[in-house]
Structure formats: structure tokens, C-alpha cells
Number of protein chains: 2
Amino acid sequence: MNEDNRSHAVRISLAHGNGGRLMREIIEEIFAFHFGQEDLDTTADAARLPLDAGVAEWMITTDGFTVEPLEFPGGDVGSLAVHGTVNDLAVSGAVPRFLSLNVFIEEGLDIEVLQRIVASMARACTDCGVRVLAGDTKVVRRGQGGGVYLATTGIGQRPAGVDLGLHRVRPGDRIIVSGPVGDHGAAVMLAREQFGLFGSLRSDAQSVLPITEILLGFAGLRFMRDPTRGGVATVAHEIARTTRATVRLLETDLPVRPEVRSVCEILGYDPYYLACEGRVVAIVDAAVAAEARGALRAGGFTEASIAGAIEAGPARVILQTSLGGERLLPELEDDPLPRIC
Amino acid sequence: MNEDNRSHAVRISLAHGNGGRLMREIIEEIFAFHFGQEDLDTTADAARLPLDAGVAEWMITTDGFTVEPLEFPGGDVGSLAVHGTVNDLAVSGAVPRFLSLNVFIEEGLDIEVLQRIVASMARACTDCGVRVLAGDTKVVRRGQGGGVYLATTGIGQRPAGVDLGLHRVRPGDRIIVSGPVGDHGAAVMLAREQFGLFGSLRSDAQSVLPITEILLGFAGLRFMRDPTRGGVATVAHEIARTTRATVRLLETDLPVRPEVRSVCEILGYDPYYLACEGRVVAIVDAAVAAEARGALRAGGFTEASIAGAIEAGPARVILQTSLGGERLLPELEDDPLPRIC
């Protein structure tokens, strides 16, 4: 190997994906470097999955990430992938432990950008207490990708006795939202459009583990979900469809930041359909709703609110407006915001 | 939901990725349909990973698949993804059990093509005895993808006492190749170029489990690898680099189909660098090499051969030619065949 040829590339070329020297170098110098060699065997076909004996249940989830732009206020595709996967485990009541990682890189990508994304992903892994056990990279031709697409599979452990799901939801239950909705969708749209107006608006992308840990302390917790693609309205539809009940959301109590509301008015979006990447929608027994909200607020989630309820009635989603009226929130149809996550 | 609007789309649109009704429909009507509803909970954030107690070791692997064209003689991106992931587990000595699946779909894809790919994937899963436990789909704009990219993570169980790896390799060991090399790379190149000449050439893409099961019966088995991207020459380089020994390959005993050799001569490729997707390179104790080759041949792998050896010496790969000469096989550099797998 000629040492002088190493690391001089500034952009990803097709040869970075061919299985040979350049591919080995980006894997060693970027992925293994940031994740720590001991966590990522770059030569094995398969890695040992170090599962603790005696764990009640292991949970698995997987997600793809195609956000554009790759870096946005509050995060990037790398941290988003880790948080998104961690969050899917967290809302299932599990403690995230392990990840696998696939990277689809477009020819021509600035290698510095890849370095930043992988470094950000590694920091997010450390913050969330997860380890990458297996990885793979592919390089596709210019014009056949979007810079970087990521796919992550997450494995976590769930303690005995956790029973969450829509099968536990009953009319009368309350809906708790852990914070303002739509920040991620609005921040990514603005970053994409390169508006200069809304300097304070950042994605809410983060781990929801601190939220789910608080909520799991309540026996009256029925169900949790992170409202990503399609936003809180789409989660509400899923609840209504599955429980065959009416979901009532209260406009007055469903927090939306003024900047998000303004962006939506300008661009013609409804904030209830915009993705969040660091919020939780939870359904709880009405008897513990106020206490659960209080616990979240005391835990730093100061805008947590009781934003709705489950009602006996047809499967539909009603928004009770701040003026006291009602309107049906339809299921999301042809209003795509591609590559929001 | 208006039943009349269902299933009329013939091409994937951005709305198929927005988290709303159309996305739910392709997930239910294509993915859940082919994989079987009970294997794929399309609503949960995370699924239970049903691990048997008492298994010695669980193994994990992950891989991305970007092959072009999506369908080629002998397979398609769907079956390739399943076989590729199963094969990574198989060569580690594990029995594949579970998969997670990410699908990146390009806007405009013919939905019939997606149906065929998913059906093919489901058949491959059944054939290999693996179940899909978690999945995710993303849709990207036209010109930001390659039809379908897949990422799969596989989990398998490895019996107690299996110890495979390059740490076990010693000078004098023999290299067994389970069949002709380069078929997959050559078949995909031809399918891409739309040559009409080589009608009989098919990809070797298939599960290598029947091969690894035979080889695992030999205590003298040291190491197995499936020679995908970069081909058998790249596996030889990895062996040489890691063991700090010389790998000698014997041209006379390394099977290459005449059609593959012809394609390589015409297009200017070396078959030893072309991907296989259904072969195994194994290193065995010299004392059992002939017997292991015999077992493979008796098992239906009639072209299995002892195609080389490990020698004390500098880390390099030597090809001993059919004329008795020697040439060094270099590490793969700038000869990319993008999207071969």
C-alpha cells in the first residue's frame, strides 16, 4: 500500500464503493475512526450480538433516513438516524442498546461532509448509550442518490411487565403531547428553501428517552408514539383507525411555536401534519394525566400538555378549535414533503 | 377511506412516502401481503425479537443493495438482498433467522416492478428460513435514487463451539472455492449493456447455506467468506493482509465459466475481481482439503476445487498461471463496477 496516496481524496468517487483499497480506507478512516475500532469490526461478515441473559424481551426496529438538506439547524442526517431509531425503541418501552448502519453515498459527496455526519452519528450513539455492531457502505453514481441515505436497525431490551399498545386504549383516556409540534418539519423546509427569516427555528431532533423514562413510571400509561412523518395528525389517525374511536385534539392545548405557525401560514402547511423528531404522543388513563403532565414539566419538558382525549364514537380525528368550533382533520393525502426524515 | 381510490396507482409517487394513506396502502398491499401479515406488524414502532433461550451466540450483519438493473438473469435486487444477508451470516457459521428491511423507492417506479421484487424477496425468505420482523419505506424524488435500494440487517444463531476466523489460518492451509467465480458480476454487466450474446449466463445469486452446512462438518475448517464486491481476488487480499502471509491462487484450479471468461475478454475485466453472490471461499487444514472438496462435490457443488494455499511469505496475492508462471494480483483500485450488488 502506498501511504502517499491515502486520504488525499476530497470527494467520494465510485472507487470508494468497489470493495478495494479506497473503500477500506474510508471505512477505517471515517467510520471505524469515529465509532471506535473495538465497536466496529470492519472485516467480519457478521458480528456477535452481545445479548445479556435474563432480559425479558428484546425489541427490534428499523428506519431509513433521506433528509434534505443533509445538515439543518438542530441536527443532520447522522444524528437524525440515531435519534430516530432510538426513539422508535424508546416509545415501545425499550432501552436502546445496539444499532446496525447502512450508508448509501452519492458519488461526488464532499468527504468533509461525510466526516461531519459520521462524527455526529457517533456522538449521538454515545449520548444515547447505543453501539454500532455492523455496518455497510455503498456508493452510487452522481444523480442516483441524495448525498447520503442512511438505514439503521436498532435493538433494545424491554423490562418485564411493560405492556403498551393501542389494545390498551379506552374511551376517556387522555392524550399527552410532550412539547411543541412541527419544529423538525418547519426547520427542514426553511433550511431547504434557504429563507433567512426564522433564525431561531431549530429541529426538535433529539432522543426521547428522557421523556419515555418519565412516562414509563405511570402504570396508567397505555401507548406512546413519536410523531414523525405525517405529524401528530397522522398519529391521531392511526389511533382512531386502530381503536375504532374518535380522537379529539384541542387546538388551545396543542403547543405550536409561533415561528412554526408563521412558516406554515407563509408556505401553506398545517403544523399538525409536520414531522417532529423529538416529541412523544402518549395516551394515559385520565386519572393520571395531570400527574404525568406535571412530571414531564418538572423533568424539563415545560410545554408538555394534555392535548386531547379518546372518545366513544366513529373512527375520526376532530380538532376542537380555539374558538370552540370543531373541524375534522383528514388523513394525509397528496401533500408530500419528501425527504423530511 | 374511499375504496374506489385504492390500488389504482401504477407508479410510485412522492405521496407514497408521506406517512399517510397511500403509504399505508403500499405497505399493506405489497409488503404485508407478500410477507404475511403475522410476520410484519405494519403499525408498531418496534417488534419483539423472538430469541430462543439457550442459544450459544447471536450474530448480526447488515448490507445495502443497489444493483442495476433491478432484475437480471438469475435474480433481482429483492432476492439478492435476502441471499446476500443470509450468506454473510452463513459464512460466519450462523443459521440465519431474522431480517429487518429498509426500502428506498424512487418516484416513478412501476408498482408492478415493486410487486415482483417484494414477492421475490418473500420467496427467498421462505426458502432460507428467515422472517422479516421490521421494515421501513422511503420515497425519494425522481433522479435521487436508482429505482429501489434495499438495506437488510440479518440476525442468526451460531452453535456453541464454532470458531472461525483469519486468526485460525496457518501457512500450509488450503483454499477451497465452491464453484465458478464471477458469474454474478458478468451477468449483471451483460444485463446492463443489453448484449444479446450470452443467453446462458446467469447470476450465481443464491443462498450458500447448503455449502456452509457441509463445510461446517469439518473440524479443520478455519474461515469462510462469500466473495462479493471485488471478487475472489479481494477476499485473497483481505486474507493476505490480515494473516500477513502469501496467498497463492492456482489459475488451473480456480473455475471460471467459458462465457464469463469471454465476457471479461470483450469488456476488459478480470474475472477474479468480479462479484459472486452464491459462492464460498473457505480456508481449511490441508489434511481435510481433499475430503472437504469431495463432500462439496457429492453435495451437488460439482465444480468445487482446491484453488490455492496459504504460504509463509510477505502479504501478497500470487496467481500461478496455467503456463506455470506467476503474477501478482494487485488490490482493486480504480476499476469500479458501481451497483453490482
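The values are calculated or read from the model by the stated rules, or taken from the named source; none is laboratory data. Nothing here was measured: the structure is a model prediction, and the numbers come from that model. Cβ: placed from backbone, ideal geometry, glycine included. Neighbour counts: every protein chain shown. With ligands, DNA and RNA removed, areas are computed over all heavy atoms of the protein, side chains included. Shrake-Rupley method; radii C 1.70, N 1.55, O 1.52, S 1.80 Å.
Values for this structure:
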item	result
Across the identical copies, how the B:D163 labels are spaced - nm, sorted shortest first, 7 Å along Cα→Cβ	4.6
Chain B: most fluctuating residue of B:I214, B:I176, B:I30 per GNM, C-alpha cutoff 10 Å	B:I214
All-pairs Cα distance distribution in the range B:37-127, expressed in whole percent, bin size 10 Å	13, 42, 34, 10, 1
Of all DSSP beta bridges in the protein assembly as shown, antiparallel share, percent nearest 5	75
Label geometry 7 Å along the beta-carbon vector: A:E291 inter-copy distances in nm	6.9
Using alpha-carbon coordinates, inclination of helix A:183-193 to the longest axis of chain A, degrees	50
Average partner coverage of B:320-328, which counts Cβ from other chains inside 10 Å	0
Accessible-area composition of the range A:19-151, carbon plus sulfur, in percent [1.4 Å probe]	47
Among A:A290, A:G147, A:L209 - extreme Cα towards positive end, dipole of chain A, charges at beta-carbon	A:A290
The range B:3-158, relative contact order in percent, only Cα pairs under 8 angstrom and at least six apart counted	37
Cα gyration tensor shape of the range A:242-340, rounded if a/c is under 1.5, else prolate or oblate by comparing a/b with b/c	oblate
Residue-by-residue Karplus 3J(HN,Hα) for the range B:161-174, coefficients 6.51, -1.76, 1.60, Hz, glycine and proline x	x, 7, 10, 10, x, 5, 5, 8, 7, 9, x, x, 4, 9
Inter-copy separations for A:E303, label at 7 Å along Cα-Cβ, nm, ascending	6.4
For chain B, built as a Gaussian network whose Cα springs stay under 10 Å, the top-fluctuating residue of B:A124, B:A312, B:A233	B:A312
Residue-wise HN-Hα coupling along the range A:220-228, computed from phi with Karplus coefficients 6.51, -1.76, 1.60 (Hz; x: Gly, Pro)	x, 6, 9, 6, 9, 8, 9, x, 8
Helix B:111-128 vs. chain B, principal-axis angle (Cα, 0 to 90°, nearest 10)	50
Charge dipole (chain B, unit charges on Cβ, about Cα centre) - positive-most of B:L109, B:V77, B:F35	B:V77
The protein assembly as shown, dipole about Cα centre (Lys/Arg Cβ +1, Asp/Glu Cβ -1), debye to the nearest 20	600
Cα centre as origin, Lys/Arg/Asp/Glu Cβ charges: the range B:3-158 dipole, Debye	180
Magnitude of the charge dipole, chain A, Cβ model with Lys/Arg +1 and Asp/Glu -1, debye to 20	620
Of all DSSP beta bridges in chain B, antiparallel share, percent nearest 5	75
Of B:A307, B:H184, B:P255, farthest towards positive along the dipole that unit charges on Lys, Arg, Asp, Glu beta carbons give the range B:166-328	B:A307
Residue-normalised accessible area of chain A, expressed per residue, 1.4 Å probe, Å²	37
Listed residues B:S322, B:S262, B:S100, most fluctuating in chain B (Gaussian network, C-alpha, under 10 Å)	B:S322
Relative contact order of chain B, defined on C-alpha pairs under 8 angstrom at six or more residues apart (%)	22
Viscosity 0.890 mPa s, 25 °C: Kirkwood-radius Stokes-Einstein D of chain B over Cα pairs, µm²/s	116
Cα long-axis angle, helix A:231-243 against chain A (0 to 90 degrees, to the nearest 10)	60
The range A:138-187-the range A:263-328 distance, computed between alpha-carbon centres (Å)	17
From phi via Karplus (6.51, -1.76, 1.60), per-residue ³J(HN,Hα) for the range A:267-284 in Hz, x at Gly/Pro	8, x, 10, 9, x, 6, 9, 8, 5, 9, 10, x, 10, 10, 9, 10, 10, 10
